[in-house]
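Chemist: My questions will all concern the structure given below.
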Amino acid sequence: MQIAIDGPAGAGKSTIARAAAHKCGMIYVDTGAVYRAVAYALRQLGTDIHDEAAVRAALSGIKPGLAFSDGEQRVYVNGEDVTDFIRTPENSLATSCISAYPSVRAFLLETQRKIARENDVIMDGRDIGTVVLPDADVKIFLTASPECRARRRYAELAAKGEDITYEQTLAEMIQRDRDDTERAASPLRKADDAVLLDTSDMDLEQSVRAVEALISGGRK
Ligand code: DC
């Protein structure tokens, strides 16, 4: 069983997909974490992330990997668990930048498909329904207004003690939306056969119920 959930940053994909996966006994795969891990590794290596040729050359030294324990995903680079370092605002912007490169997308395509071949998955990302799993059993495009997404993300970052304002969070959200939708390689877009779910006026529980209903309905 393959469930594809795509949508913009901060739409609640990971929280909703994780909860739905738990209830449906499936593995939740957060593909954004893999892109984030690659961006983190490139920054650690001192690679100029704005130089696509330099990024492409550095990829051969980066071996990303995923592991699941009690349904929780951990992401690795060259055997090191980097899960706790990849969600800073700087790394988020760097990830948007490198995920626009066709070389990076091609590099991570087989990693994602292999996990979906070997497990029942709910996989979230930007191009899961359009590129990674075009034959997924259910495709959902999860979205919410930019202000609503920025409010949720700001609350998350503030709770972690990140030094950031709501205005900065909204500006970064809009920048990432632009990067994700305007890139030439696998831009963020709803697959023709995906169901659109706007969670602006839903709380978490309502959103999870809506996703579960789509999964059990087996609709595309
Ligand atoms: O889902 P996220 O916010 O953790 O994703 C981080 C970045 O990775 C986001 O800017 C877009 C990119 N990404 C992507 O291009 N394709 C995916 N399948 C997942 C994430």
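The values are calculated or read from the model by the stated rules, or taken from the named source; none is laboratory data. Note that the structure is predicted; figures quoted are calculated from it, not measured. FYI the Cβ positions are ideal-geometry reconstructions off the backbone, even for glycines, and counts take in every protein chain you see.
Chemist: Exactly one of (1) assigned to a helix (DSSP H, G or I); (2) within 16 Å of the ligand (Cβ to nearest atom); (3) at pLDDT 95 or above is unmet by ALA53. Its number?
Modeler: Evaluating ALA53 over (1) assigned to a helix (DSSP H, G or I); (2) within 16 Å of the ligand (Cβ to nearest atom); (3) at pLDDT 95 or above leaves (2) as the failure.
Chemist: While we're on this one: Condition first: assigned to a strand (DSSP E or B) and away from the ligand (no atom under 14 Å from the Cβ). Now tell me which residues in the stretch 62-114 satisfy that. Don't jump to the end; show me each part of the working.
Modeler: First, the residues of the stretch 62-114 that are assigned to a strand (DSSP E or B): 64-69, 72-77, 80-81.
Hits for the stretch 62-114 are GLY65, ALA67, PHE68, SER69, GLU72, ARG74, TYR76, VAL77, GLU80, ASP81.
Chemist: Scan the stretch 142-197 residue by residue and report those that are of a type in the set (Val, Ile, Thr) and outside any helix (DSSP H, G or I).
Modeler: THR143, ILE164, THR165, VAL195
Chemist: I've got another one for you. Can you spot a residue in the stretch 114-130 that is farther than 28 Å from ALA194 by Cα, in contact with a strand residue (DSSP E or B) (Cβ under 7 Å, 6 or more places away or on another chain) and crowded, with 20+ Cβ neighbours inside 10 Å?
Modeler: Checked against the condition, which is being farther than 28 Å from ALA194 by Cα, in contact with a strand residue (DSSP E or B) (Cβ under 7 Å, 6 or more places away or on another chain) and crowded, with 20+ Cβ neighbours inside 10 Å, the stretch 114-130 yields no hits at all.
Chemist: So which residues in the stretch 186-218 are surrounded by 14 or more Cβ atoms within 10 Å (Cβ to Cβ) and in contact with an Asp or Glu (Cβ under 9 Å, 6 or more places away or on another chain)?
Modeler: If the condition is that a residue be surrounded by 14 or more Cβ atoms within 10 Å (Cβ to Cβ) and in contact with an Asp or Glu (Cβ under 9 Å, 6 or more places away or on another chain), then SER186, PRO187, LEU188, ARG189, LYS190, ALA191, ALA194, ILE215 are the ones that fit.
Chemist: Restricting attention to the stretch 83-102, does a residue exist that is crowded, with 22+ Cβ neighbours inside 10 Å, among the aliphatic types (A, V, I, L, M) and within 17 Å of LYS13 (Cβ to Cβ)?
Modeler: Yes, there is a match, as at least one residue in the stretch 83-102 is crowded, with 22+ Cβ neighbours inside 10 Å, among the aliphatic types (A, V, I, L, M) and within 17 Å of LYS13 (Cβ to Cβ).
Chemist: Related question: Tally up the residues in the stretch 19-38 that are in a helix (DSSP H, G or I) and in contact (Cβ under 8 Å) with a residue 60 or more places away in the chain, please. Outline the logic, then answer.
Modeler: Narrowing the stretch 19-38 to residues in a helix (DSSP H, G or I): 19-24, 31-38.
Pick out the ones that are also in contact (Cβ under 8 Å) with a residue 60 or more places away in the chain and you get 19-21, 23-24, 31-32, 34-35, 38.
The total comes to 10.
Chemist: Select from the stretch 19-50 the residues that are within 15 Å of the ligand (Cβ to nearest atom), more than 22 Å from ALA210 (Cα to Cα) and among the hydroxyl-bearing types (Ser, Thr, Tyr) and write down the one among them that is farthest from the chain's Cα centre (by Cα).
Modeler: Among those residues, the one meeting the criterion is TYR40.
To keep it simple, each residue is scored yes or no on (1) hydrophobic (A, V, I, L, M, F, W, C); (2) in contact with a Cys (Cβ under 9 Å, 6 or more places away or on another chain); (3) modelled with pLDDT of 95 or more.
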position	(1), (2), (3)
VAL77	yes, no, yes
GLU80	no, no, yes
ARG87	no, no, no
GLU118	no, no, no
ILE128	yes, no, yes
PRO134	no, no, yes
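Chemist: Continuing with the same structure: Of the residues GLU167, GLU147, GLU118, GLU182, only one is without any contact (Cβ under 8 Å) to a residue 40 or more places away in the chain and within 13 Å of the ligand (Cβ to nearest atom); which?
Modeler: Result: GLU182 is the single residue among GLU167, GLU147, GLU118, GLU182 that is without any contact (Cβ under 8 Å) to a residue 40 or more places away in the chain and within 13 Å of the ligand (Cβ to nearest atom).
Chemist: Can you tell me how many residues in the stretch 91-115 are of a type in the set (A, V, I, L, M), more than 21 Å from MET173 (Cα to Cα), in contact with a helix residue (DSSP H, G or I) (Cβ under 7 Å, 6 or more places away or on another chain) and free of Cβ contacts under 8 Å to residues at least 60 places away in the same chain?
Modeler: First, pick out the residues of the stretch 91-115 that are of a type in the set (A, V, I, L, M): 93-94, 98, 100, 104, 106, 108-109, 115.
In the following step, the residues that additionally are more than 21 Å from MET173 (Cα to Cα) were identified as 104, 106, 108-109, 115.
Subsequent filtering for residues that are in contact with a helix residue (DSSP H, G or I) (Cβ under 7 Å, 6 or more places away or on another chain) retains 104, 108-109.
Now restrict to residues that are free of Cβ contacts under 8 Å to residues at least 60 places away in the same chain: 109.
Looking only at that region, the number is 1.
Chemist: Right, another one. Tell me, which residue of the stretch 1-18 that is within 9 Å of the ligand (Cβ to nearest atom) and assigned to a helix (DSSP H, G or I) is surrounded by the fewest Cβ atoms within 10 Å (Cβ to Cβ)?
Modeler: Across the stretch 1-18, the extreme among qualifying residues is SER14.
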